[in-house]
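Enquirer: Quick one: the structure is below, questions incoming.
The values are calculated or read from the model by the stated rules, or taken from the named source; none is laboratory data. On a predicted model such as this, the values are computed, not experimentally measured, just so you know. Here Cβ is always computed from backbone atoms with ideal geometry, including for glycine, and neighbour counts include all displayed protein chains.
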Amino acid sequence: MFQLLRYVPRRFLFSSPVNFQVVKSSCPAGTVINVNTRKSGKEPIALEDKEYPDWLWEVLDPEAQARKLQADPLKARKKQLRKTNRDKVKQNNFLKQI
């Protein structure tokens, strides 16, 4: 046992336990969702939370998105360029109104 602890970093031994927050969907399974876009199509029905892909629950989580951007610096740079370009366009449009 003590030999195994030698290889575990101390920060994992003495840190506080991580509280995982379970994400629940906004509607129970089997609920008819009124988002049908076709006349002849069927109304979609909500599934159990475990039947949806894992990435779906991270889409609106800002921390998960920040971790994803840190892992891929090219995407982070592209997002930064888009934001600066959008800000320049807004500023130019504002200056044209004056």
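Enquirer: Do any residues in the stretch 77-98 that are surrounded by 10 or more Cβ atoms within 10 Å (Cβ to Cβ) have Cβ atoms under 8 Å from those of residues that are assigned to a helix (DSSP H, G or I) and not β-branched (Val, Ile, Thr), where the two are at least six apart or on different chains, and which pairs are they?
Expert: Between residues of the stretch 77-98 that are surrounded by 10 or more Cβ atoms within 10 Å (Cβ to Cβ) and residues that are assigned to a helix (DSSP H, G or I) and not β-branched (Val, Ile, Thr), the close pairs are LYS79/LEU69.
Enquirer: Another question, then. I'm trying to understand the selection: among the residues of the stretch 54-71, which are over 13 Å from SER25 (Cβ atoms) and outside any helix (DSSP H, G or I)?
Expert: Within the stretch 54-71, ASP61 is the sole residue that qualifies.
Enquirer: Here is a follow-up. Please determine, by comparing only the residues of the stretch 1-42 that are surrounded by 10 or more Cβ atoms within 10 Å (Cβ to Cβ) and part of a loop (DSSP other than H, G, I, E, B), which one is modelled with the lowest pLDDT.
Expert: VAL23
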